[in-house]
2 protein chains.
Amino acid sequence: MKKYIPEETVARLPVYHRYLLSLSKQGVKNISSKKLANILKINDSQVRKDLSYFGKLGKQGAGYEVNSLCTTIAKILKLDQAQAVCIVGMGSLGSALAAYKGFGQLGLKIAAVFDKSENKISHTIRGHLCHDIAKLAAVIKSEKIEIALLTVPAEAAQEIAENLVAAGIKAILNFTPVKLFVTDKVMVNNVDLAVELKTLSFFT
Amino acid sequence: MKKYIPEETVARLPVYHRYLLSLSKQGVKNISSKKLANILKINDSQVRKDLSYFGKLGKQGAGYEVNSLCTTIAKILKLDQAQAVCIVGMGSLGSALAAYKGFGQLGLKIAAVFDKSENKISHTIRGHLCHDIAKLAAVIKSEKIEIALLTVPAEAAQEIAENLVAAGIKAILNFTPVKLFVTDKVMVNNVDLAVELKTLSFFT
DNA sequence: CTATGTGAATGGATTCACAGCC
DNA sequence: GGCTGTGAATCCATTCACATAG
């Protein structure tokens, strides 16, 4: 078990988990790093090094036991814990996310959604009661929310991010095109469709 | 002008462009790599190195001229060209993307949308006539489409990606959780919400 | 003999540091 | 003085290669 784990490694864990789950359903008992790597089109020592950050999970000569590895990764990623998340900003993207069925499988639960608009507050959107964004801190604390999906307009992003941090949020998935400036104790991941699309068009 | 440009550099260009555009609107004439870097929370020599891949764009002692740099980046990213894109798979995500207003600003135009379902084909979805996915190749060729957004179910992803490549697509933005196996002449970028969310929950 | 776990080597992006120009 | 452009140095993830275990 190492102290420092590269973010790239953590980002591959969900991929390993997804494939191990399907192997498990197919009744496969064991798999080698080489086979796993071939399927995922990566290097086999990458698989071994990634997994070794979390202990000696395999058996020399035999490979990795599918079910137990799957469970171990699920624990590492806290897929067994039903973590509370909130969605801040109920525009078209926020609403679409609120309707996303996959949260449960990911060990996540939408515990609150927020907007500042009068005609959304206190209404139910995609099955979730919309709170006034002014009550962000109170709801985040009472619901013990640690992860926020930020889907507000760009102009509001930085200020609301600061409110989220002050309220005790530990991680933000930022869908706005703004580079958020927050303490590095808070993890920020960015999903920026415009960047993805523009980058692609360079390569055509 | 160098031969090889790191993908990371290309991914930062849209970010530079977005900020330069807002500076331009504010009437700012010049900016130094240091100021730009401070705003974007990156290193100033990173900014200079990135830009230097595309020529000597700045002036020593004076920095970069905002408007001309903005235009130069727009050209590099082909934002001035109205490239044709298609969306393959008109489920909830595909439909949400079809409704996205930002394509025009990005120099992109939705030239076609596809689905295989009888009750979508030949219907108009979010203002776009839905084509039969069986006619993928013909429409891609006639509309000169080079970029595809892939929003089909996971099971179908690899097969359809192969069809897209065969039809002459140059870049795929892959929203499915499947690692696509295609010739490396085709650029593939992945947007995987499940990976983003699971990665975040590790860090809480 | 098979396959893991890991130190060493590699490769590529980031950062430093400074020569050169305004 | 101020600031760019860039070779050199550094940092860090990936890959290699092998000692070790089953």
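The values are calculated or read from the model by the stated rules, or taken from the named source; none is laboratory data. The structure displayed is predicted, hence computed values, not measured ones. Glycine gets a Cβ as well: all are built from the backbone with ideal geometry, and neighbour counts include every protein chain shown.
Within the stretch A:65-117, work out how many residues are of a type in the set (A, V, I, L, M, F, W, C) and part of a loop (DSSP other than H, G, I, E, B).
Qualifying residue count, the stretch A:65-117: 5.
Take the stretch B:87-103 and flag every residue that is within 12 Å of the chain's Cα centre (by Cα) and not aromatic (Phe, Trp, Tyr). It would help to see each step written out before you state the result.
If we filter the stretch B:87-103 for residues that are within 12 Å of the chain's Cα centre (by Cα), which is where we start, we get B:102-103.
Scanning the stretch B:87-103 gives a single hit, B:Gly102.
Here is a list of conditions, (1) away from DNA strand C (no atom under 16 Å from the Cβ); (2) more than 11 Å from chain B (Cβ to nearest Cβ); (3) aliphatic (A, V, I, L, M); (4) in contact with a Phe, Trp or Tyr (Cβ under 7 Å, 6 or more places away or on another chain), and A:Ile125 meets all of them except one; can you say which number that is?
Result: A:Ile125 passes all but (4).
Report, by residue number, each residue of the stretch B:63-80 that is more than 16 Å from DNA strand C (Cβ to nearest atom) and in contact with a Lys or Arg (Cβ under 8 Å, 6 or more places away or on another chain).
B:Val66, B:Asn67, B:Leu77, B:Leu79
Working only within the stretch A:76-115, note down all residues that are in contact (Cβ under 8 Å) with a residue 40 or more places away in the chain, farther than 18 Å from B:Leu200 by Cβ and surrounded by fewer than 22 Cβ atoms within 10 Å (Cβ to Cβ). Write out each step before concluding.
Of the stretch A:76-115, the ones in contact (Cβ under 8 Å) with a residue 40 or more places away in the chain are A:76-77, A:79, A:83-91, A:93-94, A:97.
Among the residues that remain, those that are also farther than 18 Å from B:Leu200 by Cβ are: A:90-91.
Hit for the stretch A:76-115 is A:Gly91, nothing else.
Out of the residues in the stretch B:49-62 that are within 7 Å of DNA strand C (Cβ to nearest atom) and not polar (S, T, N, Q), which is surrounded by the fewest Cβ atoms within 10 Å (Cβ to Cβ)?
Here is the first cut: in the stretch B:49-62, the residues within 7 Å of DNA strand C (Cβ to nearest atom) are B:49, B:59-62.
Okay, now just the ones that are also not polar (S, T, N, Q), so B:49, B:59, B:61-62.
On the way: B:Lys49: 13, B:Lys59: 10, B:Gly61: 6, B:Ala62: 11.
Of everything passing the filter in the stretch B:49-62, B:Gly61 is surrounded by the fewest Cβ atoms within 10 Å (Cβ to Cβ).
Going by what's in this entry, would B:Leu20 be described as more than 8 Å from DNA strand C (Cβ to nearest atom), closer than 23 Å to A:Asn190 by Cβ and within 11 Å of another protein chain (Cβ to nearest Cβ)? Don't jump to the end; show me each part of the working.
Values: more than 8 Å from DNA strand C (Cβ to nearest atom): yes; closer than 23 Å to A:Asn190 by Cβ: yes; within 11 Å of another protein chain (Cβ to nearest Cβ): no.
Judged against the criteria, B:Leu20 is not a match.
Just a yes or no: is a residue in the stretch A:166-177 away from chain B (no Cβ under 11 Å) and either in contact with a Pro (Cβ under 6 Å, 6 or more places away or on another chain) or in a helix (DSSP H, G or I) (or both)?
Yes, that holds for at least one residue.
Report yes if some residue within the stretch A:29-46 is in a helix (DSSP H, G or I), within 23 Å of the chain's Cα centre (by Cα) and in contact (Cβ under 8 Å) with a residue 60 or more places away in the chain; otherwise report no.
no
Residue check, B:Leu129 against (1) part of a strand (DSSP E or B); (2) free of Cβ contacts under 8 Å to residues at least 60 places away in the same chain; (3) surrounded by 17 or more Cβ atoms within 10 Å (Cβ to Cβ), all met but one. Which one?
Unmet for B:Leu129, out of (1) part of a strand (DSSP E or B); (2) free of Cβ contacts under 8 Å to residues at least 60 places away in the same chain; (3) surrounded by 17 or more Cβ atoms within 10 Å (Cβ to Cβ): (3).
From the set of residues in the stretch A:63-78 that are out of contact with any Ser or Thr (no Cβ under 8 Å at 6 or more places or on another chain) and either away from DNA strand D (no atom under 13 Å from the Cβ) or at pLDDT below 95 (or both), which is farthest from the other protein chains (Cβ to nearest Cβ)?
Residues of the stretch A:63-78 out of contact with any Ser or Thr (no Cβ under 8 Å at 6 or more places or on another chain): A:65, A:68-69, A:71-76.
With the extra rule that they be either away from DNA strand D (no atom under 13 Å from the Cβ) or at pLDDT below 95 (or both), the set shrinks to A:68-69, A:71-76.
Numbers: A:Ser68: 19, A:Leu69: 16, A:Thr71: 15, A:Thr72: 13, A:Ile73: 9, A:Ala74: 10, A:Lys75: 11, A:Ile76: 7 Å.
By that ranking, first place goes to A:Ser68.
Criterion first (away from DNA strand D (no atom under 11 Å from the Cβ) and either within 30 Å of A:Ala157 (Cα to Cα) or within 11 Å of chain B (Cβ to nearest Cβ) (or both)) does A:Ile31 satisfy it?
Working: away from DNA strand D (no atom under 11 Å from the Cβ): yes; either within 30 Å of A:Ala157 (Cα to Cα) or within 11 Å of chain B (Cβ to nearest Cβ) (or both): no.
Taking the combined requirement at face value, the residue does not satisfy it.
Based on this model, can you work out whether B:Ile87 counts as away from DNA strand C (no atom under 13 Å from the Cβ), among the hydrophobic types (A, V, I, L, M, F, W, C) and not assigned by TED's automatic domain parsing to the domain that holds B:Leu129?
Details: away from DNA strand C (no atom under 13 Å from the Cβ): yes; among the hydrophobic types (A, V, I, L, M, F, W, C): yes; not assigned by TED's automatic domain parsing to the domain that holds B:Leu129: no.
Judged against the criteria, B:Ile87 is not a match.
Could you tell me which of the residues A:Leu197, A:Leu164, A:Leu136 is touching a strand residue (DSSP E or B) at 6+ places or on another chain (Cβ under 8 Å), without any contact (Cβ under 8 Å) to a residue 12 or more places away in the chain and surrounded by 22 or more Cβ atoms within 10 Å (Cβ to Cβ)?
Details: A:Leu164 fails: without any contact (Cβ under 8 Å) to a residue 12 or more places away in the chain; A:Leu136 fails: without any contact (Cβ under 8 Å) to a residue 12 or more places away in the chain.
A:Leu197 is the lone residue from the list that is touching a strand residue (DSSP E or B) at 6+ places or on another chain (Cβ under 8 Å), without any contact (Cβ under 8 Å) to a residue 12 or more places away in the chain and surrounded by 22 or more Cβ atoms within 10 Å (Cβ to Cβ).
Quick one: would you say A:Ser45 is modelled with pLDDT of 95 or more, of a type outside the set (D, E, K, R) and loosely packed, with under 13 Cβ neighbours inside 10 Å? Explain how you work it out, then say what you get.
Details: modelled with pLDDT of 95 or more: yes; of a type outside the set (D, E, K, R): yes; loosely packed, with under 13 Cβ neighbours inside 10 Å: yes.
For A:Ser45, the condition - modelled with pLDDT of 95 or more, of a type outside the set (D, E, K, R) and loosely packed, with under 13 Cβ neighbours inside 10 Å - is met.
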